[in-house]
Amino acid sequence: QAQNKSKRKQKQYVSLDLQFFAKKESKDFTDGLNEPQAEAVVTTDGTVQICSVAGSGKTRVLTHRIGNMIINEKISPNNILVTTFTKKASEEMIDRLGSLISEEQLEELTIGTTHSIGYRILKNELQNSRKSSLVANAMA
């Protein structure tokens, strides 16, 4: 009898474990959005352009779209580039995304102003070209 109780407890434990992980696998990022906003969040094929007046929920739609892409569509954060025009907007995006995705996922995203991202790309390219020059000179 003691052995049967032990087996039942193990089965319940495994069952609870699976339910815990199942909840973490997907999330409804359209909750509380109107129909056009929800459509923008779940559309992952092709381009989506979001144009609207101030205070209409553009940042919310974009952050929820990114969250949906990472959590539900399993798109790697390394494959997502988020550009803004101002540093304040970038910081706001980071703050809002912090409540939707894990810190690790957030760190993998590339988020910044168009100028800061351009700077990072140029800096990376310069460093890579210097490394290539050093290798070429060492081989000569």
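The values are calculated or read from the model by the stated rules, or taken from the named source; none is laboratory data. Being a predicted model, the structure only gives us computed values, none of them experimental. Please note: Cβ atoms are built from the backbone with ideal geometry, for glycine as well, and neighbour counts cover all protein chains shown. Note: areas computed on protein heavy atoms with side chains; ligands, DNA, RNA excluded. Shrake-Rupley method; radii C 1.70, N 1.55, O 1.52, S 1.80 Å.
What the table shows:
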| item | result |
| --- | --- |
| Test: residue in the range 90-97 that is modelled with pLDDT of 95 or more and of a type in the set (V, I, T) | yes |
| Meets criteria (of a type in the set (S, T, N, Q) and surrounded by fewer than 14 Cβ atoms within 10 Å (Cβ to Cβ)) for S129 | yes |
| L122 being out of contact with any Pro (no Cβ under 7 Å at 6 or more places or on another chain), touching a residue at least 60 places away in the same chain (Cβ under 8 Å) and on the phi < 0 side of the Ramachandran plot | no |
| Top-ranked residue in the range 88-117 [being in a helix (DSSP H, G or I) and of a type in the set (S, T, Y); ranked as nearest to V41 (Cα to Cα)] | S90 |
| T110, sole failed condition from (1) hydroxyl-bearing (S, T, Y); (2) touching a strand residue (DSSP E or B) at 6+ places or on another chain (Cβ under 6 Å); (3) open to solvent by 70 Å² or more (accessible area, probe 1.4 Å) | (3) |
| R120 assigned to a helix (DSSP H, G or I), open to solvent by 70 Å² or more (accessible area, probe 1.4 Å) and at pLDDT 90 or above | yes |
| Identity of the residue in the range 54-93, polar (S, T, N, Q) and closer than 10 Å to I111 by Cβ, that ends up surrounded by the most Cβ atoms within 10 Å (Cβ to Cβ) | T84 |
| Number of positions in the range 37-87 that are part of a helix (DSSP H, G or I), among the hydrophobic types (A, V, I, L, M, F, W, C) and over 24 Å from I121 (Cα atoms) | 6 |
